[in-house]
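Take a look at the structure below.
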Amino acid sequence: MTGEFERRHGFPAGTNEVRPASRDDQVAARTHAQASPISADLGTFYDSIGDLTWEDFGNGYFLDPASDVLLRLPDYGVGDFGADQKVRSLVIGSKGGGLSYVASPDGAVHRTRTASLDEPERDEVADDLRQFPELLERSLTRVVADGAPGYL
């Protein structure tokens with residue numbers, strides 16, 4: 001049976017969920033906190049949220065589980081961002097189309113301006129990891145109401 005989403009968009013709905021943290025996610029969050037210079041907010045975030053996948057929201061929004069961020073650490077380490085290349089930050093997710101979300105040690109969340117992590121330019125999209133999911137939710141509410149995806 002074809003659902004309303006598929007009739008409207010021409011393809012079936014993808015995964016759209018915020019998954020609560022499992023016991024394994026919480027262990028990974030604690031390991032993450034010991035293995036990298038993250039903010040307390042990021043540890044708290046990963047202790048509660050396993051991951052976020054919104055495939056059908058604009059080009060998609062993805063906040064990776066702590067275990068995936070940990071797996072990338074040996075290959076990518078902690079990125080240096082900012083105009084002076086001295087802000088140690090972690091890639092925690094992405095926006096469909098290749099732009100990455102990066103958490104700074106002060107807890108702010110930034111979005112890269114290009115799909116390459118080699119480019120230091122980024123824009124702050126949230127003051128902290130408490131505000132970031134709230135902004136995502138507001139953007140989702142807006143796109144459902146009037147089709148405008150917002151700036152995230």
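The set of residues in region 11-37 that are closer than 26 Å to residue 139 by Cα and hydrophobic (A, V, I, L, M, F, W, C) comprises 11, 13, 18, 21.
Identify the residue in region 75-106 that is part of a loop (DSSP other than H, G, I, E, B) and modelled with pLDDT under 75 and, among all such residues, is most open to solvent (accessible area, probe 1.4 Å). This residue is 86.
Can you pull out the residues in region 122-152 that are closer than 14 Å to residue 54 by Cβ, of a type in the set (A, V, I, L, M, F, W, C) and at pLDDT below 80? Give the derivation first.
Taking region 122-152 and keeping what is closer than 14 Å to residue 54 by Cβ, we get 132-133, 135-144, 149-150, 152.
Right, trim to of a type in the set (A, V, I, L, M, F, W, C) and you get 132, 135-136, 140, 143-144, 152.
Scanning region 122-152 gives 143, 144, 152.
Considering region 115-152, the residues that are part of a loop (DSSP other than H, G, I, E, B), under 23 Å from residue 16 (Cα atoms) and not charged (D, E, K, R) include one that is most open to solvent (accessible area, probe 1.4 Å), namely 151.
Specify the residue that is modelled with the highest pLDDT; the eligible residues are those in region 58-74 that are within 19 Å of residue 111 (Cβ to Cβ), assigned to a helix (DSSP H, G or I) and open to solvent by 30 Å² or more (accessible area, probe 1.4 Å). Looking at the filtered set, the residue picked out is 68. Criterion first (open to solvent by less than 40 Å² (accessible area, probe 1.4 Å), modelled with pLDDT under 85 and of a type outside the set (Gly, Ala, Ser)) does residue 109 satisfy it? Criteria not met by residue 109.
Annotation: of all residues in region 15-29 being among the small types (Gly, Ala, Ser) and modelled with pLDDT of 85 or more, the one that is least open to solvent (accessible area, probe 1.4 Å) is 21.
Filtered by the rule that a residue be modelled with pLDDT under 85 and charged (D, E, K, R), region 30-57 gives 30, 41, 56.
In region 30-55, which residues are of a type outside the set (Gly, Ala, Ser), farther than 19 Å from residue 131 by Cα and surrounded by fewer than 18 Cβ atoms within 10 Å (Cβ to Cβ)?
Step one: filter region 30-55 for residues of a type outside the set (Gly, Ala, Ser), giving 30-32, 34, 37-38, 41-42, 44-47, 49, 51-55.
Pick out the ones that are also farther than 19 Å from residue 131 by Cα and you get 30-32, 34, 37, 55.
Those that are of a type outside the set (Gly, Ala, Ser), farther than 19 Å from residue 131 by Cα and surrounded by fewer than 18 Cβ atoms within 10 Å (Cβ to Cβ): 30, 31, 34, 37, 55.
The values are calculated or read from the model by the stated rules, or taken from the named source; none is laboratory data. Keep in mind the model is a prediction, meaning the values are calculated, not measured. Virtual Cβ from ideal backbone geometry, glycine too; neighbours counted across all protein chains shown. Please note that ligands, DNA and RNA were not included when accessible areas were found on the heavy atoms of the full protein model with its side chains. Shrake-Rupley method; radii C 1.70, N 1.55, O 1.52, S 1.80 Å.
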